[in-house]
């Protein structure tokens, strides 16, 4: 019978104590996809998501020696992820924001009867556009809870807000996404 995989906390301790040279690699590999998915849900751009994911892991590596375990490692990791993304979004030049708005308008204004593959791509574009229309704190709630599958309490800790606030953010984000996507799927606004 094989030994169970070590927990995140065990890997952190092994890294901090210098016991396992492989602990850091295991820890980062375990969370790479989740961090990349959360970052992408926030920035909606592959190149930026790749760059920011790399920046997140650089910050994690630098800060891991000082991690004291007051929260779960995954909570600390996603808090670092969201802080990195928020910092990036606040630095976005106005010209790029304006270009993103033009792209969203183009996606929203598509006409015609595309084939099934085209429709799937268009739906992906509409979902990305709808996510992009959300305020960063609402997009973070969706990214952490709905996309990453994080619990409400852990997502609230990662975002540094109260649990009821996270519930409200998630409710508001879902309501806005439903309205935006309903308009696309049915061709009419939800009342």
- request: Determine if segment 27-40 includes at least one residue that is free of Cβ contacts under 8 Å to residues at least 40 places away in the same chain, surrounded by 20 or more Cβ atoms within 10 Å (Cβ to Cβ) and under 12 Å from the mean Cα position of the chain (by Cα).
  value: yes
- prompt: Can you pull out the residues in segment 130-140 that are touching a residue at least 40 places away in the same chain (Cβ under 8 Å), surrounded by 21 or more Cβ atoms within 10 Å (Cβ to Cβ) and in a helix (DSSP H, G or I)?
  reply: 130, 131, 139, 140
task: Using the structure shown, decide if residue 20 is surrounded by 12 or more Cβ atoms within 10 Å (Cβ to Cβ), free of Cβ contacts under 8 Å to residues at least 12 places away in the same chain and not in a helix (DSSP H, G or I).
output: yes
- request: For segment 88-106, name all the residues that are modelled with pLDDT of 85 or more and either surrounded by 12 or more Cβ atoms within 10 Å (Cβ to Cβ) or under 29 Å from residue 122 (Cβ atoms) (or both).
  value: 88, 89
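Before we move on, is residue 52 surrounded by 21 or more Cβ atoms within 10 Å (Cβ to Cβ), part of a helix (DSSP H, G or I) and not assigned by TED's automatic domain parsing to the domain that holds residue 135?
Yes: the conditions hold for residue 52.
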message: If residue 171 satisfies all but one of (1) in a helix (DSSP H, G or I); (2) surrounded by 13 or more Cβ atoms within 10 Å (Cβ to Cβ); (3) under 18 Å from the mean Cα position of the chain (by Cα), what's the number of the condition it fails?
response: (2)
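The values are calculated or read from the model by the stated rules, or taken from the named source; none is laboratory data. Here the structure is a predicted model, which is why all the values come from computation and not from measurement. Cβ: placed from backbone, ideal geometry, glycine included. Neighbour counts: every protein chain shown.
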